[in-house]
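The values are calculated or read from the model by the stated rules, or taken from the named source; none is laboratory data. All of these numbers come straight from a predicted model, not from anything done at the bench. Reconstructed Cβ throughout: ideal geometry from the backbone, glycine too, with neighbour counts over all protein chains shown. Calculation scope for accessible area: heavy atoms of the full protein, side chains included, ligands and nucleic acids excluded. Shrake-Rupley method; radii C 1.70, N 1.55, O 1.52, S 1.80 Å.
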Amino acid sequence: MISSFLSQYGLRIRTKEFETVSWDEFKSLLSGIAPETPLGRMVAIRSETDKDVIKNYNRDQKRIYDAWRNRKAESMAPATYDREMKALEQMFAQLCGG
């Protein structure tokens with residue numbers, strides 16, 4: 001986030017001057033982060049759904065993608081996890097002709 005704010009806006013966020021930025025202004029700046037920034041690239045990797053794109057990720061991209069998915073799974077409520085796993089099992093059963 002720090003490098004993204006610096007590269008896109010020229011703002012150093014760990015300064016006394018930045019402490020005067022309101023929460024609404026910060027949210028606006030954050031939502032406007034371009035995909036070419038480090039944060040924008042990370043968000044793009046984490047949110048990718050195209051299996052062909054994911055299949056061609058390099059080692060670092062795959063690490064970022066996997067870490068995010070694992071984190072989401074760890075924070076998932078047990079009932080949601082069970083429901084998702086059952087859906088996954090059904091999908092595999094259908095793929096295998098079951």
(message) On C-alpha positions alone, give me the angle between the axis of helix 78-95 and the longest principal axis of the chain, in degrees, nearest 10.
(response) 50
(message) Less than 20 Å apart at the alpha-carbon level, and either on another chain or at least 8 residues along: which aspartates and glutamates does that give for K72?
(response) E48, D50, D60, D82, E84, E89
(message) Please compute the length gained on full extension between S47 and T15, using 0.36 nm multiplied by the number of residues separating them and subtracting their Cα-Cα distance.
(response) 8.5 nm
(request) May I ask which residue of A44, I33, W68 lies farthest towards the positive end of the charge dipole of the chain, with charges of +1 (Lys, Arg) and -1 (Asp, Glu) on Cβ and the Cα centre as origin? (result) W68
(request) Would you work out the charge dipole size for the chain about its Cα centre, treating the Cβ of every Lys and Arg as +1 and the Cβ of every Asp and Glu as -1, and quote it to the nearest 20 debye? (result) 280
(message) At 1.4 Å probe size, put T49, T37 in order of accessible surface, largest to smallest.
(response) T49, T37
(request) Please calculate the 1.4 Å probe accessible area of L29, with all protein chains present, and give it to the nearest 10 Å². (result) 30
(request) Obtain the nm distance between the two label points defined at R59 and K86 by a simple spin-label model: each point lies 7 Å from its Cα along the Cα-to-C-beta direction. (result) 4.1
(request) Mind grabbing the accessible area of S28 for me, 1.4 Å probe, Å², rounded to tens? (result) 70
(request) Take the solvent-accessible surface of the protein heavy atoms, probe 1.4 Å, and return the percent of it on the chain that carbon and sulfur atoms account for. (result) 54
(message) What are the ³J(HN,Hα) couplings of segment 39-46, residue after residue, when phi is run through the Karplus curve with 6.51, -1.76, 1.60 and θ = phi - 60°? Round to Hz, x for glycine and proline.
(response) 5, x, 5, 5, 4, 4, 5, 5
(message) Just checking my list [x] 5.3; [y] 9.1; [z] 5.7 against mean projected area of the Cα convex hull in nm² computed from this structure; which label fits?
(response) [y]
